[in-house]
There are 2 protein chains.
Amino acid sequence: MPPPTDREPPVMSNPGAERVKSVKALSRRSVRERTGRFLVEGPQSVREVVRHHPERVVDLYLTAQARSRHADIVAAASAAGLHLHEVSDVVLAAMCDTSTPQGLAAVCRTGTATLDEVLASRPRLLVLLTNVRDPGNAGTVIRGADAAGADAVLVSDASVDVHSPKVVRSTAGSLFHLPLVTGLPVEETVARLRTARIRVLAADGAGAVLLPDVDLAAPHAWVMGNEAWGLAPEVRDLCDEVVRVPIYGKAESLNLAMAATVCLYASAAAHNR
Amino acid sequence: MPPPTDREPPVMSNPGAERVKSVKALSRRSVRERTGRFLVEGPQSVREVVRHHPERVVDLYLTAQARSRHADIVAAASAAGLHLHEVSDVVLAAMCDTSTPQGLAAVCRTGTATLDEVLASRPRLLVLLTNVRDPGNAGTVIRGADAAGADAVLVSDASVDVHSPKVVRSTAGSLFHLPLVTGLPVEETVARLRTARIRVLAADGAGAVLLPDVDLAAPHAWVMGNEAWGLAPEVRDLCDEVVRVPIYGKAESLNLAMAATVCLYASAAAHNR
């Protein structure tokens, strides 16, 4: 290896370095919560955070190959004054949760949106995730909420950590496209939504009202429950209506992400008619 | 262990037995194709095949615990004259792809629906999967097609094997709710659909027509492409229209299963208005 010049910092090549270990430690929820940081892996997600929230990026790590392959990300990151650190493939793999981070990862600050801010923005379409535990489902709902033009995603205190590697991956970048408010107590949140004149609609296979029969023109929030056992009865009781996605065939149900996407697209269609 | 009586066959407890190995071998596509059989694991899927297609069940394996826990399945299976074999937990685990088959598995014949039969039933809503490779996406689309009341799912010759354990699992039983025709050549299939006066709609992020602007009242088939690279241009060119699910927010796209579900539910809404 040639000696580093003044201009180019050395390539990080020691997977046992303290810095590598501290990045890897972000795969643990307790460390994310203590530090307020999490790791974003792969070009798709890194591109979106650099583009939409460069102020949340603490450090960006990339391999030499990724530096030449993803010139757009490098240019945007440099323009935003971000710290770029070149690392070996071995170091990047040691930092990441995925076995194939595709050359890029960024340590970022977790979001800091509050319910006050979201409500002050006069939202028309919101999602409230309660007791959602499966990372893939949670991430896919966030992606669907983004696609349907939701104003924010609210996450209850008993749900999966939306900054875990699997959730971040399944959002396909949508984590950085709309405000996320986390750690919310369900009952209080529903009360605040109603005070803000936002209708609270529970999506549940046991609902009495069919989705096509619901008036979705006014501002509303979809409340989604756990992927296995649905909405808790005490949460259902807090909502203005309990809405069921109709099943036209013999399927027993849709999975959480599919049901949420169908509901959100019905809302989007009503808002964009 | 007490000696078996004349009435009760012995519990299969040797995971090294030839029969166990021949069931386990069904996790390989080549074996499924050669034998025309596949394995259905877990109470949800086993219940659906016993209820809707008992004639396709060759052998049903279950543990003592599952026998008492799933009395409904046992009763339906017995009423249909099926062979029930009690097995130890170790034997069931040795047969199955999942680590937690929950006490039940059934060796079944793969479906034998043909395109002729499907077209003769005058279908109003079909799905054609082309080059879909991810088992989870394929299974979820089949589940969504079932929920939306589609008449059949058609699968191209270059797609994932819909009888693989992961696909079967992700369909959550829907595999047995509607006809599946597999191994279809895309070009010929599209031509036959059009001859049958079924409109052929490609679902693709590059589509020129937005989903809410498409008239879905007449019979039609949704053609879905690969989860990563979308529809092949030569397939798109065969279709009557290339339809895009609108993105109202900043998301780049929906994943295949979400896009398919949104399209299928738009169709169902048009057919059930």
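The numbers here are math on the coordinates, done by the rules we state, and not lab data. Small disclaimer: the values here were computed from a predicted structure and weren't measured. Heads up, the Cβs are rebuilt from the backbone with ideal geometry, glycines too, and the neighbour counts pull from every protein chain shown.
Name the strands (runs of 3 or more DSSP E) wholly within segment A:1-115 that hold at least 3 residues that are touching a residue at least 12 places away in the same chain (Cβ under 8 Å), more than 14 Å from every other protein chain (Cβ to nearest Cβ) and more than 20 Å from the chain's Cα centre (by Cα)? Full working, then the answer.
On the way: elements: A:37-41, A:57-62, A:84-86, A:104-109.
Correct list: A:84-86.
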Practice problem: Mind listing whichever residues of segment A:116-146 are within 14 Å of another protein chain (Cβ to nearest Cβ), among the aliphatic types (A, V, I, L, M) and in contact (Cβ under 8 Å) with a residue 60 or more places away in the chain? | Solution: A:L125, A:L126, A:V127, A:V141, A:A145
Exercise. For segment A:56-91, name all the residues that are touching a strand residue (DSSP E or B) at 6+ places or on another chain (Cβ under 7 Å) and among the acidic types (D, E).
Key: A:D59, A:E86
Exercise. For segment B:156-194, name all the residues that are surrounded by 20 or more Cβ atoms within 10 Å (Cβ to Cβ) and within 14 Å of another protein chain (Cβ to nearest Cβ).
Key: B:R169, B:S170, B:T171, B:A172, B:G173, B:S174, B:L175, B:F176, B:H177, B:L178, B:L180
Self-check item: Selection count where residues are within 26 Å of the chain's Cα centre (by Cα) and surrounded by 19 or more Cβ atoms within 10 Å (Cβ to Cβ), scope segment B:195-221
Solution: 10
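For segment A:222-263, which residues satisfy the criterion of being within 14 Å of chain B (Cβ to nearest Cβ), among the hydrophobic types (A, V, I, L, M, F, W, C) and farther than 15 Å from B:A269 by Cα? Step through it out loud before you land on a result.
The first filter runs over segment A:222-263 and keeps only residues within 14 Å of chain B (Cβ to nearest Cβ), leaving A:227-228, A:243-263.
With the extra rule that they be among the hydrophobic types (A, V, I, L, M, F, W, C), the set shrinks to A:228, A:243, A:245, A:247, A:251, A:254, A:256-260, A:262-263.
If the condition is that a residue be within 14 Å of chain B (Cβ to nearest Cβ), among the hydrophobic types (A, V, I, L, M, F, W, C) and farther than 15 Å from B:A269 by Cα, then A:A228, A:V243, A:A251, A:L254, A:L256, A:A257, A:M258, A:A260 are the ones that fit.
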Quiz prompt | Filter pass, B:V141 being buried (at least 22 other Cβ atoms within 10 Å of the Cβ), out of contact with any Asp or Glu (no Cβ under 6 Å at 6 or more places or on another chain) and under 11 Å from B:P179 (Cα atoms) | solution = no
Self-check item: Within segment A:264-273, tally of residues that are more than 7 Å from chain B (Cβ to nearest Cβ) and part of a helix (DSSP H, G or I)
Solution: 5
